[in-house]
Amino acid sequence: MERRVFQESPVELIDNGQFLTAEELFSERRTDDPQEMVVRSEVEMYFGRIDKAAELLDAVAPRAVEIDVAARFSIASGKLALQRRNYELANTHFQTAFHFSRFMRDQFGTSQALLGLAALDHKHGLLAEATARLVEAREGLKGRSTKKAEVLKGLITSEQASVASDSGNIEEAANLYGDAVRLLKGTERGRYYARALLGMAGLKCAAGEFQESLEIFKEANIIFERYDLKLDLAESQLELAKALLRLGRCERAQKLAEESREMRRGSFEDESRALSLLAQLALKANDSNLASANAAEAVALADQCPSSEARALARLSFGHVMIAERDFKKAAEILREAAELAHPRNGRQSDSKTGSVPLSPVNGRLELEATIYLAEAYHYVDTRAGRAELERASQMLSAIEDSWLSDEYNRVAAKYEERIIFTDDNRLVFDGNQLPKWQEAKRTLEGFLLRNALRQTNNSLTRAARKLGVSKVHVHNLKKKHEVGAEVVQIDDSESESE
């Protein structure tokens, strides 16, 4: 069989974004050249084979003595540490690569190192610093129109878009993602292109354009599947499941979230994220027991990883469950923890086991969401504190564009306007000085009476009807209207049942 003749070297293939071709080349030849071993490790990382990449870098480390090899080795080692979430080690490698590249006057290598350092700044919530590094990295490629320059410009622009999004500059982020998609579609067309699509789809979701985001998610997923990128696919499917949840397509969302969890078994952080979403889906299905179990497991797993964002997300889901179960004090306690974990001032100490820094999330949406639901929990136990949290949420909303969270804020704010309060001892209170609207008061009272009547009669429609002085048919209709007890199995409702 004739061997294929490759016109480009492995280094050129990688820099030009041709990872599939590079993988094919390495499958046909073996080499112990240090530079090629480093490039092979980059191919392994690209396809998610992290352990293999680590083996190659460990093997080449003692031999990376030439400065150009050492610079490339440091870039690859920084990327590996970044994927492993060992951010202190990643910083060391990227700083080393930066200085080596500067010494050699290698602007391409310098821009790569700056991109890595910007990604670290981004993860630490240092958005201004990340922006400055990315501008410098892009400036270093000014006037260069080679294929490898276009690929790197696409990666830098994609990171700029992500930083702009987290800074609340949605219009700028949308334009930058558009540029990144164009650059990477014309060059690399693989994992990096799909990740830019993922960012663009996320912006669509933030704007409330959930249906429009679905096609973009679908295209990204096709690429991740084609390249067998399970880690990226798991993340993309989870984001798609969130969009489907917002659209009320819970069955499909459930399947995607479960698949995402299976693909990330063994990763405490990623499995916890999937469980957090599964808890929300269980609440939608009125299965509070499953929701509680999923949320509790999400918290337990998140607490074993260094990411404060994962810990906040898990507690946010748990807080949702506690609100649904009307344990408002517990909900307020958990959601307060979530909001504090989500705040950028937190999460700066090293983890004793991994040596990596637990990071606070840059994504202000998570803190905003926690604050909105904290205000909802406080509505039932401490309205003064709740109003303070609602004011904080209002201030955050002015800097964060997210239509769904805006709707949730308005829903919770309406509770404070209407002053319908459920107390801890299962009493319903209407504030006579600030009356609710008639239909809202009627709906709330109906639900309150129905739930308590069913609880007191062990879910018997007949006995609940007697207790309320209405017909059994009326109770049945109220159950459907208020979606009460979808998971309850109706017991024998014969007239002979005793009170």
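The values are calculated or read from the model by the stated rules, or taken from the named source; none is laboratory data. Keep in mind that what you see is a predicted model, and the values were worked out from it rather than measured. A quick note on method: Cβ atoms are made from the backbone with ideal geometry, for glycine too, and the neighbour counts reach across all protein chains shown.
So the values come out like this:
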{"read-out": "Residue that is nearest to ASP228 (Cα to Cα), among those in segment 165-189 that are small (Gly, Ala, Ser) and at pLDDT below 95", "value": "GLY186"}
{"read-out": "Among (1) at pLDDT below 95; (2) assigned to a helix (DSSP H, G or I), the one test that ALA220 misses", "value": "(1)"}
{"read-out": "Condition broken by ASN458, with the remaining ones in (1) at pLDDT below 85; (2) outside any helix (DSSP H, G or I) satisfied", "value": "(1)"}
{"read-out": "Among (1) within 23 Å of the chain's Cα centre (by Cα); (2) modelled with pLDDT of 90 or more, the one test that ALA385 misses", "value": "(1)"}
{"read-out": "The one condition in (1) in a loop (DSSP other than H, G, I, E, B); (2) touching a Ser or Thr at 6+ places or on another chain (Cβ under 9 Å) that GLU136 fails to fulfil", "value": "(1)"}
{"read-out": "Positions within segment 443-472 being polar (S, T, N, Q) and in contact (Cβ under 8 Å) with a residue 24 or more places away in the chain, in sequence order", "value": "THR444, ASN452, ASN458, ASN459, SER460, THR462"}
{"read-out": "Number of positions in segment 236-282 that are over 19 Å from GLU297 (Cα atoms) and among the acidic types (Asp, Glu)", "value": "2"}
{"read-out": "Residue match in segment 358-369 (condition: touching a helix residue (DSSP H, G or I) at 6+ places or on another chain (Cβ under 9 Å), at pLDDT 90 or above and surrounded by fewer than 19 Cβ atoms within 10 Å (Cβ to Cβ))", "value": "no"}
{"read-out": "Options SER272, SER236, SER288, SER292: the member that is small (Gly, Ala, Ser) and in contact with a Phe, Trp or Tyr (Cβ under 7 Å, 6 or more places away or on another chain)", "value": "SER236"}
{"read-out": "Helices (runs of 4 or more DSSP H) wholly inside segment 245-336 containing at least 2 residues that are crowded, with 17+ Cβ neighbours inside 10 Å, free of Cβ contacts under 8 Å to residues at least 12 places away in the same chain and aliphatic (A, V, I, L, M)", "value": "none"}
{"read-out": "Positions within segment 23-79 being of a type in the set (Lys, Arg), part of a loop (DSSP other than H, G, I, E, B) and within 33 Å of the chain's Cα centre (by Cα), in sequence order", "value": "ARG49"}
{"read-out": "Positions within segment 371-416 being in a helix (DSSP H, G or I), under 19 Å from LEU316 (Cβ atoms) and of a type in the set (Asp, Glu), in sequence order", "value": "GLU376, GLU389, ASP407, GLU408"}
{"read-out": "Only one of LEU184, LEU231 that is assigned to a helix (DSSP H, G or I) and surrounded by fewer than 21 Cβ atoms within 10 Å (Cβ to Cβ)", "value": "LEU231"}
{"read-out": "Residue, modelled with the lowest pLDDT, within segment 242-263, restricted to residues that are more than 14 Å from the chain's Cα centre (by Cα) and of a type in the set (Lys, Arg)", "value": "ARG246"}
{"read-out": "Scan of segment 211-222 for residues that are surrounded by fewer than 21 Cβ atoms within 10 Å (Cβ to Cβ) and hydrophobic (A, V, I, L, M, F, W, C), ordered by number", "value": "LEU214, ILE222"}
{"read-out": "Whichever residue in segment 463-499 is modelled with pLDDT under 60 and over 46 Å from the mean Cα position of the chain (by Cα) and, among such residues, is surrounded by the fewest Cβ atoms within 10 Å (Cβ to Cβ)", "value": "SER498"}
{"read-out": "Subset of segment 165-180 [surrounded by fewer than 22 Cβ atoms within 10 Å (Cβ to Cβ) and of a type in the set (A, V, I, L, M)]", "value": "ILE170, ALA174"}
{"read-out": "Subset tally (residues that are of a type in the set (D, E, K, R), in contact (Cβ under 8 Å) with a residue 12 or more places away in the chain and either within 16 Å of ALA76 (Cβ to Cβ) or buried (at least 22 other Cβ atoms within 10 Å of the Cβ) (or both)) for segment 16-53", "value": "5"}
{"read-out": "Looking only at segment 145-154, and only at residues there that are surrounded by fewer than 23 Cβ atoms within 10 Å (Cβ to Cβ) and in contact (Cβ under 8 Å) with a residue 12 or more places away in the chain, the one that is farthest from SER9 (Cα to Cα)", "value": "LYS153"}
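To keep it simple, each residue is scored yes or no on (1) in contact with a Gly (Cβ under 6 Å, 6 or more places away or on another chain); (2) aliphatic (A, V, I, L, M); (3) farther than 29 Å from ILE75 by Cα.
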| site | (1), (2), (3) |
| --- | --- |
| SER165 | no, no, no |
| ALA174 | no, yes, no |
| GLY178 | no, no, no |
| GLY202 | no, no, no |
| ALA206 | no, yes, yes |
| LEU214 | no, yes, yes |
| LYS218 | no, no, yes |
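Conditions tested, residue by residue: (1) aromatic (Phe, Trp, Tyr); (2) within 26 Å of ASP166 (Cβ to Cβ); (3) modelled with pLDDT of 65 or more.
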position: ILE372; (1), (2), (3): no, yes, yes
position: GLU391; (1), (2), (3): no, yes, yes
position: LYS415; (1), (2), (3): no, no, yes
position: ILE420; (1), (2), (3): no, no, no
position: GLY432; (1), (2), (3): no, no, no
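Each row is one residue, and each column tells you yes or no for (1) more than 20 Å from ALA118 (Cβ to Cβ); (2) touching a His at 6+ places or on another chain (Cβ under 8 Å); (3) part of a helix (DSSP H, G or I).
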position	(1), (2), (3)
SER158	no, no, yes
VAL163	no, yes, yes
GLU188	no, no, no
LEU198	no, no, yes
GLU212	yes, no, yes
GLU225	yes, no, yes
